[in-house]
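These notes are about the structure you will find just below.
The values are calculated or read from the model by the stated rules, or taken from the named source; none is laboratory data. Values in this document were obtained by computation on a predicted structure and should not be read as measured data. Every residue, glycine among them, receives a Cβ derived from its backbone with ideal geometry; neighbour counts consider all protein chains shown.
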């Protein structure tokens, strides 16, 4: 690693990176490290998928999306139009090769999101596509796909006194009491249609991300709270009140499976491990479908309804 590399605490991992990351700095720069991000160099990156067995892929149209392959000697995670993230077989070192014109600040967003999620998934770790907040030692996870309001709900809950845990990627660790939540980047990213929610936070904590979102830097929270409940938000135009619906185990598993952080292909090992993990989560943690009225401003009882409906004291 280069001398100017920095060490970060991220999802319970010590990450040494040659690319500056939007994540808390570690107290010590000394090894050992769980992950190392290196700026690599390589041949021109084609538009098609990397060589090897395809493990996961997402086609967003217009040449966007990603493909993850197992090439035998390493794994290749290609974000089409962005670059390659080559993952060593031991899942500890990631070499970043970007297309011309793509800056390191763009790579940093992928590294702390999709790339870490991919590495954790390959390692058999327990990962949810979710944001999470904590109150009174209990964590509430907000699970769902892109654009479903995970970050917006987390911002509303934090504005009402909850402590921030993570945004968009939740790594869990089982213990004798249930599942512990690892803290994430310390940054909450809001889309343009929810940017007004940032007005409830000090201006000194706000910035704009390379993907044109409003980032809110949250106070450090190194705790690992116990996951008490999971909420899957669904926006509705029917009524003006929040309605909480507890899901049966089979329905809970279906909803959690519907929003993967990395879209693994069936019949591959990561997909089978995810089914097992989500089945255990759906068995041990209550999962709710939250019917939330569409649009801003949010219902005045939104925060209290979510927390009370999930059985968490505000």
(message) What's the total number of residues in the stretch 156-203 that are over 26 Å from residue 14 (Cβ atoms) and at pLDDT 95 or above?
(response) 1
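So, in the stretch 68-81, how many residues would count as being in a loop (DSSP other than H, G, I, E, B) and surrounded by 19 or more Cβ atoms within 10 Å (Cβ to Cβ)?
Residues meeting the conditions: 1.
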(request) Would you please name the residue that is surrounded by the most Cβ atoms within 10 Å (Cβ to Cβ), looking only at residues in the stretch 194-235 that are outside any strand (DSSP E or B) and without any contact (Cβ under 8 Å) to a residue 24 or more places away in the chain? (result) 195
(request) Give the residues of the stretch 126-140 that are more than 14 Å from residue 271 (Cβ to Cβ) and in contact with a helix residue (DSSP H, G or I) (Cβ under 9 Å, 6 or more places away or on another chain), sorted by residue number. (result) 126, 128, 129, 130, 131, 132, 133, 135, 140
(request) Examine the stretch 264-273 for a residue that is modelled with pLDDT of 90 or more and part of a strand (DSSP E or B), and state whether such a residue exists. (result) yes
(message) Which numbered condition in (1) surrounded by 14 or more Cβ atoms within 10 Å (Cβ to Cβ); (2) modelled with pLDDT of 90 or more; (3) in a loop (DSSP other than H, G, I, E, B) is the only one that residue 298 fails?
(response) (2)
(message) Given the condition buried (at least 19 other Cβ atoms within 10 Å of the Cβ), modelled with pLDDT of 95 or more and out of contact with any helix residue (DSSP H, G or I) (no Cβ under 8 Å at 6 or more places or on another chain), answer yes or no: does some residue in the stretch 52-67 qualify?
(response) yes
(message) Quick check on my filter: what residues within the stretch 236-254 are touching a strand residue (DSSP E or B) at 6+ places or on another chain (Cβ under 6 Å), surrounded by 16 or more Cβ atoms within 10 Å (Cβ to Cβ) and modelled with pLDDT of 95 or more?
(response) 247, 252
(request) Give the stretch 274-295 a look and list any residue that's over 17 Å from residue 145 (Cα atoms) and either part of a loop (DSSP other than H, G, I, E, B) or outside the structural domain of residue 143 (by TED's automatic domain parsing) (or both), or say none. (result) 285, 286, 295
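Residue-by-condition table, conditions (1) closer than 22 Å to residue 23 by Cβ; (2) modelled with pLDDT under 95:
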position	(1), (2)
91	yes, no
100	no, yes
118	yes, no
128	yes, no
132	yes, no
137	no, yes
144	no, no
(message) Here is a check on your reading of the model: is residue 118 outside the structural domain of residue 258 (by TED's automatic domain parsing) and in a strand (DSSP E or B)?
(response) no
